Amino acid sequence: MEEKLDSRLVTEANRRFYDTIAEAYEKVDSRRNQNEQHAWLQKVLLGVKSQASATGPAERFIDVGAGTGFLAIQARRLFSDVTAADISQEMLNRIGDSKIKTLLAPADKIPLTAGCMDAVGCFATLHHLFDPRQLFGEAFRLLRDGGVLYTDHDISAEF
């Protein structure tokens, strides 16, 4: 019997994969090396914060599909309240910044109150999802009026 591919299967496959490779992830993917300054990303996040600040204080940032926290760690330099959400607890365990809240959750079902975030960020996340539109809907739900969604570093030209 052939199993139909659906979002649950994709999510579970991603979770199992990242739980398995979490220990070696930073060594294998050196683009996220926290020893580098990543000045380009700080400029982008400064722009995100500036845009979100146009309609009110911008201190609450969530990194969806956070992995080991590359984007969340960079965001902590500018936002005082940062959450990292991911489907892999093993990846979240490697964030190493006690000021970043972690949340075990899929990108399309974040258990937070509507309108609770000033900015939502996704770094190299969209191409892992069965249907990225679900993440966009969830980001819209999480963002307060005037909040900003930032996505980047997706490997498919479709994004």
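The values are calculated or read from the model by the stated rules, or taken from the named source; none is laboratory data. Model, not experiment: these values are computed from the prediction. Using ideal geometry, Cβ is built from the backbone for each residue, glycine included, and neighbour counts are taken over all protein chains shown. What goes into the accessible areas is simple: the full protein's heavy atoms, side chains included, and nothing from ligands, DNA or RNA. Shrake-Rupley method; radii C 1.70, N 1.55, O 1.52, S 1.80 Å.
Any idea which of V82, V48 is closer than 24 Å to Y25 by Cβ, out of contact with any His (no Cβ under 9 Å at 6 or more places or on another chain) and of a type in the set (A, V, I, L, M)?
V82
Would you be able to say whether some residue in the stretch 132-148 is of a type in the set (F, W, Y), in contact with a helix residue (DSSP H, G or I) (Cβ under 7 Å, 6 or more places away or on another chain) and crowded, with 16+ Cβ neighbours inside 10 Å?
no
Condition first: in a loop (DSSP other than H, G, I, E, B) and not hydroxyl-bearing (S, T, Y). Can you find one or more residues in the stretch 121-128 that meet it?
yes
Just for helices (runs of 4 or more DSSP H) wholly inside the stretch 1-82: which have at least 3 residues that are at pLDDT below 85?
The helices (runs of 4 or more DSSP H) meeting that bar are 7-21, 25-28.
Taking the condition of being of a type in the set (K, R) and under 21 Å from T113 (Cβ atoms), how many residues in the stretch 50-89 meet it?
1
Residue-wise test of (1) within 28 Å of E23 (Cα to Cα); (2) touching a residue at least 40 places away in the same chain (Cβ under 8 Å); (3) open to solvent by 10 Å² or more (accessible area, probe 1.4 Å).
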{"position": "A52", "(1), (2), (3)": "no, yes, no"}
{"position": "P57", "(1), (2), (3)": "no, yes, yes"}
{"position": "R60", "(1), (2), (3)": "no, yes, yes"}
{"position": "L78", "(1), (2), (3)": "yes, no, yes"}
{"position": "D81", "(1), (2), (3)": "yes, no, yes"}
{"position": "E90", "(1), (2), (3)": "yes, yes, yes"}
{"position": "K99", "(1), (2), (3)": "yes, no, yes"}
{"position": "A107", "(1), (2), (3)": "yes, yes, yes"}
{"position": "A114", "(1), (2), (3)": "no, no, yes"}
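What pairs come out if I take residues in the stretch 9-21 that are within 17 Å of A66 (Cβ to Cβ) and pair them with residues that are open to solvent by 50 Å² or more (accessible area, probe 1.4 Å) whose C-beta lies under 8 Å away, six or more apart or interchain?
T11/F130; N14/H128; Y18/E90; D19/Q89; D19/E90; I21/V28
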